[in-house]
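Heads up, the thing below is written out as structure tokens.
Values in this text are rule-based calculations from the coordinates and carry no lab data. As the structure is a prediction and not an experimental result, all values here were calculated from the model. All Cβ positions, glycine included, derive from the backbone under ideal geometry; neighbour counts span all protein chains shown.
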Number of protein chains: 2
Amino acid sequence: MAEQHTEQVTPWEVEGEVDYDKLIRQFGTKKIDDSLYSRLKKYGDNHMLRRKYFFSHRDLDLVLNDYEQKKGFFLYTGLAVSKNMHLGHLTSFLMSRWLQETFGVNLYVEIPDEEKFLARKDMTIEEIDQQAEDVILNIAALGFDPEKTFIFKDREYVKNMYTLACKIAKKVNFSNVKAVFGFNEQTNIGLMFYPAMQMVPCFFEEKRCLIPAGIDQDPYWRIQRDIAESMGGFKTAAIHSQFLPPLSGVEGKMSASRPENAIYLNDDAKTVRNKIMKYAFSGGQPTIEEHRKKGGNPAVDVSYQWLKIFFEPNDARLKQIHDDYKSGKMLTGELKQILADKLNLFLENHRAEKEKAVKKVEKLKYSGKLAKKMWETTF
Amino acid sequence: MAEQHTEQVTPWEVEGEVDYDKLIRQFGTKKIDDSLYSRLKKYGDNHMLRRKYFFSHRDLDLVLNDYEQKKGFFLYTGLAVSKNMHLGHLTSFLMSRWLQETFGVNLYVEIPDEEKFLARKDMTIEEIDQQAEDVILNIAALGFDPEKTFIFKDREYVKNMYTLACKIAKKVNFSNVKAVFGFNEQTNIGLMFYPAMQMVPCFFEEKRCLIPAGIDQDPYWRIQRDIAESMGGFKTAAIHSQFLPPLSGVEGKMSASRPENAIYLNDDAKTVRNKIMKYAFSGGQPTIEEHRKKGGNPAVDVSYQWLKIFFEPNDARLKQIHDDYKSGKMLTGELKQILADKLNLFLENHRAEKEKAVKKVEKLKYSGKLAKKMWETTF
């Protein structure tokens, strides 16, 4: 019975598959193929890569060449200030952490505290400043190397960035940002300038920059790649993830503004359990009887997908869950229970790390080896 | 004979007169009329006001109200970095100095070192940084109150300005800057953002800001006046000058890029004399005989105009020159000699002050009472 589902390709599955291939074609990125994955695997293993959650790239092969030729590379990522950080915000950071640990490279984390203000009508500077510190704590909790990581807020670090931002801005006109960011005549002039600030960290080192990010972020780096060589720098490389599906189903992207669709990092255990039980889209059958008979469909089951992407790195255990669910041996409620337990364990640990991170933040922002050097450098 | 000229209105005179009235109508500013001039005169006298070189304003009456009601006001001006500072660059600063001395108010001087870079293809950041220091020395040489004046370069002071620049930028869109600055789709995004940086100092104090500037600068402050009240601030007031005429004639504006039309602050005495003798447009007659007979026309004579605007504040002495020239008693060469002598005296003194200014700059930029406070303030 279960076998039906692998042959009977559901619209969801088709759509899912096709969409990501389509995005690769549309954006002109490259798939992380077996040969590239094998190169990466030589240095270490990561289930988000192994399971093709990170599935697309630009110039990752050149990054590996540079690494192998001892030229090195560096990582850059960032996070907009958000009132409610959710799980979807973490995957690029987890990939960054893995890359940092695996290759021993520097990581720059931009907190664009002006961009959020410029883009949103409903957040004041004061609210953003408050939230920014919480965002930074959440990032610090993930455990980056305090001597090789620099977390900075644009408004605080702007003096060191502004000259380079102007050099970049001089090469980018309204037509460019209109095409890439969809700006129009009503777009405010702050938002118009912001892409220059976002591009600055791509030039922080005279090495290739690698950005782990959702595939939807790719267009934002096109301008950088267009102007990089005329700036005497490298075209930024990227490694792209799919989207962590929202609770409502495997299509689309988790949103910070729809609480029923996302798990927030500050959701308590009971809330997490309730959200998963109530909202997590299920690949199961309408009745237990039917489920036992026909089995569930892991490909569209959000709980299974979250385990696959995020919470169950062990392949054997994941396969067991997959097979049990698909055969009907495991019920939807049981599958959800597994996710809820693992998720709550993760969040409990995250919150404990966040408490401890209060002490780490100072190093990541100001006094770690890399941070200290960055405050002494004007670009 | 000389009387002919006051009745026979030459095309130049008409054009000159009409143009400035037309600019007032076109820009929607107000004339500094006798009543407003009388109010100002109560506090002190200034030949650039008396002779209507500063002839137009916005809200100068409100500035005086504020002053008289002990609410106070402050001054703001600025100067783009230029390879060749010329006399035309000084008049707004001289008016600023007079206003500062007369009313005892603070003055903020912005050096938009990013704007020059963004607007010009032919100047590198390094060249701009070098020139900026020379520009600042020239300003410091004019003798501003070191405890009440703050001279800052945007790229150096940006951290203190950027948040407010973003707040301003959020209220200004591409349509606005297109209309006022003539930006288009090819304008770079740095130049697009710059007006926000230019507006920041208008909000440095919770008082009305007064900007002494050429009338052609008026449009640049319209956006500030449009958004000021929604920012909880004051619409910026202004006092507008005519243009210091180029050597070539009383129309147009002195340009830094046409050496035969301008006197640069670093022109030596011989160069000054040569330029005036050779290029200064003369209101005299073709031959000495004719000149003695018909007299000269001070209204179109650049040497006379420069004496009037800049170098001969004494009304009685100016009248003597005027009458002697108009009657034909004074020849063009003699008039030019008077200007050359006064100009060289001015420049000699300026360069001596510039030498001494090396010590003053530190206070104006960093350690004077106002400067110190400004470095401790983030807007």
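Taking amide H positions as placed in the peptide plane 1.01 Å from N, state which residues far from A:THR187 in sequence (5 or more) or on other chains have amide H under 5 Å from it. Amide H to amide H, under 5 Å and 5 or more residues apart or across chains, A:THR187 pairs with B:PHE174. Going through the DSSP H helices of chain A, which span 30 Å or more along their own axis at the Cα atoms while scoring at least -1.0 as a mean Kyte-Doolittle hydropathy? Passing helices, by number: A:332-362.
Quick check: from the Cα gyration tensor, does region A:210-282 come out rounded (a/c under 1.5), prolate or oblate? Here region A:210-282 falls in the prolate category. What separates the A:ILE125 label point from its copies, with the point 7 Å along Cα to Cβ, is 2.4 nm, written shortest first.
The charge dipole of the protein assembly as shown, taken about its Cα centre with unit charges on the Cβ of Lys, Arg, Asp and Glu (plus for the first two, minus for the last two), comes to roughly 840 debye. The distance from the alpha carbon centre of region A:328-369 to that of region B:48-80 is 61 Å, rounded to a whole number. I'd like the distance separating the alpha-carbon centroids of region A:142-157 and region B:163-178, in whole Å. Centre-to-centre distance over Cα atoms comes out at 29 Å. Taking Cα centre as origin and charging only the Cβ of basic (Lys, Arg, +1) and acidic (Asp, Glu, -1) residues, the dipole magnitude of chain A rounds to 660 debye. For A:THR378, the label point sits 7 Å beyond Cα toward Cβ; its separations from the matching points on the remaining copies run 1.8 nm, from shortest to longest. Distances, shortest first, from the label point of B:GLY182 to those at the same position in the other copies read 3.4 nm; the point lies 7 Å along Cα to C-beta. Amide hydrogen proximity for B:VAL300: with H placed 1.01 Å from N in the peptide plane, no residue at 5 or more positions away or on another chain lies under 5 Å.
For a quick check, take a GNM of chain B with Cα springs below 10 Å and name the residue from B:PRO112, B:PRO245, B:PRO286 with the largest mean-square fluctuation. Greatest mean-square fluctuation among the candidates belongs to B:PRO286.
With r as the distance between the Cβ atoms of B:SER35 and B:GLU355 and R0 = 41 Å, compute the FRET efficiency 1/(1 + (r/R0)^6) and round to 0.05. Numbers along the way, then the final one.
On the way: r = 43 Å, r/R0 = 1.05.
According to the calculation, E is roughly 0.40.
A simple spin-label model places pseudo-atoms 7 Å from Cα toward Cβ; at A:GLU290 and A:PHE181 they are separated by 4.9 nm. Pop the C-beta distance of B:LYS270 and B:LYS373 into the FRET formula with R0 = 41 Å and round what comes out to the nearest 0.05. Plugging the Cβ-Cβ distance into 1/(1 + (r/R0)^6) gives 0.35. Summarising the amide proton neighbourhood of A:THR149: residues at separation of 5 or more, or on other chains, whose placed amide H is nearer than 5 Å comprise A:LEU107, A:LEU370, A:ALA371. Each of B:ILE263, B:ILE136 has some number of other Cβ atoms within 10 Å of its Cβ, and from fewest to most they run B:ILE136, B:ILE263. With the charge dipole of region B:29-182 set up from +1 on Lys and Arg Cβ and -1 on Asp and Glu Cβ about the Cα centre, the Cα lying farthest toward the positive end among the listed residues B:LEU40, B:ALA119, B:PHE74 is that of B:LEU40.
Checking the a/c ratio against 1.5 first, then a/b against b/c, what shape does the Cα gyration tensor give for the protein assembly as shown?
prolate
Every helix of 4 or more DSSP H residues in the protein assembly as shown counts as -39500 (n - 2.57), and over all residues that averages to -15500 deg cm²/dmol at 222 nm. The charge dipole of region A:29-247, taken about the Cα centre with unit charges on the Cβ atoms of Lys, Arg (+1) and Asp, Glu (-1), comes to about 740 debye, rounded to the nearest 20. With neighbour counts taken as other beta-carbon atoms within 10 Å, the residues A:TYR157, A:TYR43, B:TYR76 rank, fewest first, as A:TYR43, A:TYR157, B:TYR76. Residue exposure proxy: B:ARG208, A:ARG222, ordered by other Cβ atoms within 10 angstrom of their Cβ from fewest to most, comes out as A:ARG222, B:ARG208. Classify region B:125-171 as rounded, prolate or oblate, taking a ≥ b ≥ c as the square roots of the eigenvalues of its Cα gyration tensor: rounded when a/c is under 1.5, otherwise prolate if a/b is larger than b/c and oblate if not. Because a/c hits 1.5 or more and a/b fails to exceed b/c, region B:125-171 counts as oblate.
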